[in-house]
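The values are calculated or read from the model by the stated rules, or taken from the named source; none is laboratory data. Bear in mind the structure is a predicted one, so any value in this text is a computation, not a measurement. Here the Cβ positions follow ideal geometry from the backbone for every residue, glycine too, while neighbour counts run over all protein chains shown. We work out accessible area using only protein heavy atoms, side chains counted, and drop any ligands, DNA or RNA first. Shrake-Rupley method; radii C 1.70, N 1.55, O 1.52, S 1.80 Å.
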Amino acid sequence: MKGSDQQGKSNLAATSWALLGMLSYEYELSGYDIRKWIDWSMRFFYGSPAYSQIYSELRKLEQLGYVTSRVEDGGTRNRRLYKITEAGMDALTRWANESPLDPPVLKHSPLLRVTFGHLTTPARLKEMLQEHLAYADEMHRSAAKDAKWAKADPSWAYARVALQWAERYYANERELTLKMIKELDEAEAQFPRAGDGGQGKIPWPAPDYWYEIEKKAEADDA
């Protein structure tokens, strides 16, 4: 039983470490408080978990002895408040200092659509990229606003560094998207098309050719 407990502690999801990080300051927080803070900061670069996931991870952390909770009597509405334990702070500190970094995982839906652009039209691809451009614009504005107001308290100094990074990231995302929109015309002109009319097979090199190019690329690197 002890072995499985230790394994559970070492196999915490990234979200659990993020929640512990939210609780590493001096105040108790509710699940709602934690979600609000994530929306203000981490959503720009780490996503925003659903309330159900937050509460599920908090229950797990409590079972592991990393947090405690209590119900605060708020009159008409009670809320559960969470507080990090000494064991939780020790584990979190070790994670922050010793755990190896996972490489960022990029799941870029607009780029995936462009990769398979032969299944649609340049006009439709441009529409989708314009949607993404609007998203990047909004995220850039939001990150800039939150970075600005993170100056309100010195204890948010590190969070502000992350928010400033997010501001620059979405500014670059906007420029890269504009460049892609311009490059679609060139791709359309270069892409070989199936025979006129009908649903012909998409022209594509045979796998043997892929591997031939791979060998040439490796030789070029050498």
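Restricting attention to the range 72-115 and to residues that are part of a helix (DSSP H, G or I) and of a type in the set (Ser, Thr, Tyr), the residue that is nearest to the chain's Cα centre (by Cα) turns out to be SER109. The requirement of being modelled with pLDDT of 95 or more and basic (Lys, Arg) is satisfied by ARG168.
Whether a residue is modelled with pLDDT of 90 or more and open to solvent by 50 Å² or more (accessible area, probe 1.4 Å) was assessed, and GLN53 passes this test. Residue selection: PHE44 satisfies the criterion of being of a type in the set (Phe, Trp, Tyr) and open to solvent by less than 80 Å² (accessible area, probe 1.4 Å).
Among the residues of the range 174-188, are any open to solvent by less than 90 Å² (accessible area, probe 1.4 Å), in contact with a Lys or Arg (Cβ under 7 Å, 6 or more places away or on another chain) and either in a loop (DSSP other than H, G, I, E, B) or more than 25 Å from LYS107 (Cβ to Cβ) (or both)? Scanning the range 174-188 turns up no residue that is open to solvent by less than 90 Å² (accessible area, probe 1.4 Å), in contact with a Lys or Arg (Cβ under 7 Å, 6 or more places away or on another chain) and either in a loop (DSSP other than H, G, I, E, B) or more than 25 Å from LYS107 (Cβ to Cβ) (or both).
Restricting attention to the range 137-147, does a residue exist that is exposed (fewer than 12 other Cβ atoms within 10 Å of the Cβ) and either modelled with pLDDT under 95 or not hydroxyl-bearing (Ser, Thr, Tyr) (or both)? Yes, the range 137-147 contains a residue that is exposed (fewer than 12 other Cβ atoms within 10 Å of the Cβ) and either modelled with pLDDT under 95 or not hydroxyl-bearing (Ser, Thr, Tyr) (or both). Annotation note: Cβ proximity below 7 Å between a residue of the range 20-35 that is touching a residue at least 24 places away in the same chain (Cβ under 8 Å) and more than 15 Å from TRP156 (Cβ to Cβ) and a residue that is aromatic (Phe, Trp, Tyr) and in a loop (DSSP other than H, G, I, E, B) (sequence gap 6+ or interchain) occurs for LEU20/TYR66.
Here the condition is being free of Cβ contacts under 8 Å to residues at least 60 places away in the same chain, open to solvent by less than 60 Å² (accessible area, probe 1.4 Å) and under 22 Å from GLY47 (Cα atoms); of ALA157, ALA162, ALA166, it holds for ALA157 alone. If you go through the range 17-36 and keep only what is within 30 Å of ASP137 (Cβ to Cβ), of a type outside the set (A, V, I, L, M) and crowded, with 18+ Cβ neighbours inside 10 Å, you end up with just ARG35. Suppose the filter is loosely packed, with under 15 Cβ neighbours inside 10 Å, in contact (Cβ under 8 Å) with a residue 60 or more places away in the chain and closer than 23 Å to THR15 by Cα; does ASP90 pass it? In short, no. Looking at the range 118-127, can you tell me whether even one residue there is surrounded by 13 or more Cβ atoms within 10 Å (Cβ to Cβ) and not in a helix (DSSP H, G or I)? The answer is yes; a qualifying residue exists.
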